[in-house]
Amino acid sequence: MIEKNLSVPQLAEEAEAEFRRRFGRPPRWITVAPGRVNLIGEHTDYNDGFVLPMAIERYVVLAADAAPAKTSGPGHYTLCSMTSGQNQSWPADGAPPGGQGDWTSYVWGVLDLCQQRGLATGPLEIVLHSTVPVGGGLSSSAALEVATATLVEAITGQTLDPVKKALLCQQAEHEYAGVPCGIMDQFSSVMGRANQLILLDCRSAQAELVPLRGDDVSILITNTNVKHALTGGEYAERRGQCEAAAQCLGVRSLRDCTVTQLAARQADLEPALMRRARHVVSEIERTTRAADTIRRGDWPATGELMYASHESLRDDYAVSCEELDLVVDLARQIGLSGGMYGSRMTGAGFGGCTVSLVRSDQLAAIAERLAAGYLDKTGIQPTMFVSRPAEGARIFRQD
Ligand code: ADP
Ligand code: MG
């Protein structure tokens, strides 16, 4: 019922075997970057607020070598994804055929931005292996960018400042993939630490580590395996509404407003903006409170904050969907007596995953109940895995 996580050495070995099969020689460099799950603090990062993510034991692994020298022309980058089966080549002085937003743009963007900063790699052959579900809200995109930036570090022998590295990857996602994401995803993939959650202040980019102690609680991630095709503008629309609300309130961003202050300004905001702002402002408060309840090991209180976060995302921010609501309702039915502390949607919404805080000794029974209930109502088999907070990106092999 609960999927096993493949270890980094295992993934590296598989990526190496694929590289040898395709290119007839071993890869010179192997880098790894984790996905992330956000425990609480959703849609707060682009409002200068707090988030509380952790890197997960799901990784993007890149195995690479310099492309063989060509007698003429600029040489090419070649990228092969073992998970999607896609392959693409593009000239080292040009762009991938798919252009902005193509699956190659995450790698292309980071290579290109690094080159502009004097970190040129030259043409490469790259095999991409991954256990981060794609498009599930666990940041396969950031893991891909950060693994690429780490590859550049391995090749050039230069180490990027961690915050600058995360910002460069975010810039690649903005300008090359065309996604106006916040800083949480790239930051988590760079800065992840074993057994630590990251309380990140997205205004200052200051991070505080919050230990997730002991083995008595587990983080269970449930993938609904649905991704609703919307018009695609919802994320940008929510960002715009937050900016408009901040402007009406006369603050730089919603970070600068408390729940009490917002309630006093009810008359100044139209109802939709009020609801969006209420989510963000209350979620920022919940996130710092959750860091405290986790430090104290108060799991029921942490779980209540997670349920409240879900309700706020569902009702005020309107980014949930039936399937996510169903998994969270099933979690509520299991309840404290069944070992469930709390549960919420995680990631941008409209599908993807939930994150639940559960008693480790009840994991198997909880997973079974969630899966059976979800399958029964939707006809879809969810996928589930458990993760401890994992280490951030690193070079696995460097010649
Ligand atoms: P998330 O980051 O939540 O997984 P995104 O939509 O931000 O979802 O990023 C997913 C995109 O990243 C994919 O559509 C694809 O373009 C690219 N991507 C991520 N992982 C892979 C992979 N293993 N193979 C090919 N493309 C990938
Ligand atoms: Mg992403």
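Express in % the proportion of alpha carbon pairs of segment 184-272 at distances exceeding 19 Å. Show your work: numbers first, answer last.
Values: 2510 of 3916 pairs.
Here the long-distance tail beyond 19 Å is 64 percent of all Cα pairs in segment 184-272.
Enumerate the calculated ³J(HN,Hα) couplings along segment 104-110 in order (Karplus 6.51 cos²θ - 1.76 cosθ + 1.60, θ = phi - 60°), each rounded to whole Hz, writing x wherever the residue is Gly or Pro.
Using θ = phi - 60°, the values come out as 6, 5, 5, 6, 3, x, 5 Hz.
For helix 140-156, what angle does its Cα long axis make with the longest principal axis of the chain, in degrees from 0 to 90 and rounded to 10?
40 degrees
Could you give the length gained on full extension between GLU311 and GLU237, defined as 0.36 nm per residue of separation minus the Cα-Cα distance, in nm? Kindly include the intermediate steps, with their values, before the conclusion.
Numbers: separation 74, 0.36 × 74 = 26.64 nm, distance 2.00 nm.
Working it through step by step, the gained length comes to 24.6 nm.
Mind checking which of GLY379, GLY349, GLY94 has the largest fluctuation in a GNM of the chain, springs on alpha carbons under 10 Å?
GLY379
Please pull out the direction-averaged projected area of segment 96-219, using the convex hull of its alpha-carbon atoms, in nm² to one decimal place. Mind dumping the intermediate values first?
On the way: hull surface 34.7 nm².
Mean shadow area of the hull around the Cα atoms is 8.7 nm².
What percentages make up the Cα-Cα pair-distance distribution of segment 43-164 when the bins are 5 Å wide from 0?
P(r) over segment 43-164, rounded to whole percents: 2, 10, 19, 23, 20, 14, 7, 4, 1, 1, 0.
Rg/Rh for segment 123-167 to two decimals, with Rh computed the Kirkwood way over all alpha-carbon pairs. Don't jump to the answer; show the numbers that get you there.
Working: Rg = 11.9 Å, Rh = 11.8 Å.
Reported Rg/Rh, Kirkwood definition of Rh: 1.01.
How large is the Rg to Rh ratio of segment 225-350 when both quantities use alpha carbon positions and Rh follows Kirkwood? Display every interim value, and only then the final one.
Working: Rg = 15.7 Å, Rh = 15.7 Å.
So for segment 225-350, dividing Rg by the Kirkwood Rh gives 1.00.
Evaluate 2.2 N^0.38 Å with N set to the residue count of segment 4-88, then give the Cα radius of gyration divided by it. Please report the intermediate quantities before stating the final value.
On the way: Rg = 17.6 Å, N = 85, 2.2 N^0.38 = 11.9 Å.
Normalised Cα radius of gyration, segment 4-88: 1.48.
Restricting to DSSP H runs of at least four residues, report the calculated mean residue ellipticity at 222 nm for the chain, -39500 (n - 2.57) per run over all residues, nearest 500 deg cm²/dmol.
Working: 11 runs with 157 residues, N = 399.
Rounded to the nearest 500, it is -12500 deg cm²/dmol.
Stokes-Einstein diffusion coefficient for the chain at 10 °C in a medium of 1.306 mPa s, Rh from the Kirkwood formula over Cα pairs: what value in µm²/s?
On the way: Rh = 21.6 Å.
In µm²/s, the coefficient rounds to 74.
Please work out the Cα center distance from segment 325-399 to segment 71-126, rounded to the nearest Å.
Here the answer is 35 Å between Cα centres.
Could you give the dipole magnitude of the chain about its Cα centre, charging the beta-carbon of Lys and Arg +1 and that of Asp and Glu -1, in debye to the nearest 20? Intermediate values should be presented prior to the final figure.
Numbers: 37 positive and 47 negative charges, 99 e Å.
So the dipole magnitude of the chain works out to roughly 480 debye.
Please compute the volume of the convex hull spanned by the alpha-carbon atoms of segment 278-399 and report it per residue in Å³. Present the calculation step by step, with values, prior to reporting the outcome.
Working: hull volume 18.3 nm³, N = 122.
Dividing the Cα hull volume of segment 278-399 by its residues yields 150 Å³.
Which lysines, if any, have their Cα less than 24 Å from the Cα of LYS4, not counting same-chain residues under 8 positions apart?
LYS227
Values in this text are rule-based calculations from the coordinates and carry no lab data. For clarity, every value in this text was computed on a predicted model and none was experimentally measured. Note that each Cβ is placed from the backbone with ideal geometry, even for glycine, and that neighbours are counted across all protein chains shown.
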